[in-house]
Amino acid sequence: MKKAIVILLVGALSATLLLAACGKKEPADVPEGSGAASGSDALAGNEGGSSAGMALLGGWTLTPDLSVSLTEDDKAIFDKAMEGFTGVGYEPAAVLATQLVSGKNYAYLCKATPITSKPIPHWAVVVVYQNLQGEASVSNVTEIDLTNLNVKDNVDAAAAVGAWEITLPGGKPIMMPYEDAQVAFDTASQKYVGVDLKPLSLLGTQVVAGKNYKYLCYGETVTETPVSALYIVDVYQDLEGNAEITNCAVLDLLSYIG
């Protein structure tokens, strides 16, 4: 059974929790001219990208293969909601959050591919509503722009995602679709403190003097009272295989749920 952690905090968070969205670890020096991303400059444009994916603005390449984390029920609800939906093909990768209403809302992370002669895929958050009778429909779709992500500086909210519950990854850890992305994340996260990060999906890659990876992660603060959130994590891997987290911020999920 899927477990969920409710992000409804009572009162102000302790000063410890407000230190950083992701530990505020200063990244190690990056070789000059590497083009590695850092801070809000993580989306700086560079040409390049994997030939297996689709090049996007800023030199980022959308991951062509998904690391899917869906239950059979999640997939069935999504498929039912998408019946008759035309214009764009949506491939769900994970349920990011749920919300109990008179029925239930689901926020799916999806790879979206326009049905055109020359489609350019992108990521999107698709909100599906399932009523008490089991009928499902799409209530909102918001595109995710990798070059201009909506993020927060820290887990500072007394109601970070309203009445939504962040979905806790269950079972074995999700593996990235490419071994190099998994190795880069594992190497970088070993040196990171403050937040326990679990990758949900590789959103894109960027070839520089080395390589940049952008991940969507589930994270819990390493504190007496852990706080859960979704994080956007940038990792730079140099040509020698050394990797570090260069930017980490809380995803502003509510801005994509609509």
Q) What is the number of the single condition among (1) in contact with a helix residue (DSSP H, G or I) (Cβ under 6 Å, 6 or more places away or on another chain); (2) touching a residue at least 40 places away in the same chain (Cβ under 8 Å) that Tyr213 does not meet? A) (2)
Q) Could you give every pair whose Cβ atoms fall below 6 Å, whose first residue belongs to region 179-207 and is at pLDDT 90 or above, and whose second residue is assigned to a helix (DSSP H, G or I) and not acidic (Asp, Glu), counting only separations of at least 6 or pairs across chains? A) Leu197/Ser189
Q: Evaluate region 217-236: report whether one residue or more is out of contact with any Cys (no Cβ under 6 Å at 6 or more places or on another chain) and in a helix (DSSP H, G or I).
A: no
Q.
If a residue must be farther than 19 Å from Trp123 by Cα and part of a loop (DSSP other than H, G, I, E, B), how many such residues does region 237-258 contain?
A. 5
Q. Got a number for residues in region 176-216 being outside any strand (DSSP E or B), of a type outside the set (Phe, Trp, Tyr) and more than 17 Å from Asn247 (Cβ to Cβ)?
A. 9
**Q.** Filter pass, Tyr256 being within 21 Å of Cys110 (Cα to Cα), touching a helix residue (DSSP H, G or I) at 6+ places or on another chain (Cβ under 8 Å) and of a type in the set (Phe, Trp, Tyr)
**A.** no
(Q) Suppose we keep only residues that are among the hydroxyl-bearing types (Ser, Thr, Tyr) and modelled with pLDDT under 90 within region 133-171. Which one would you say is surrounded by the most Cβ atoms within 10 Å (Cβ to Cβ)? (A) Thr167
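The values are calculated or read from the model by the stated rules, or taken from the named source; none is laboratory data. These numbers come from a predicted model, not from an experiment. Every residue, glycine among them, receives a Cβ derived from its backbone with ideal geometry; neighbour counts consider all protein chains shown.
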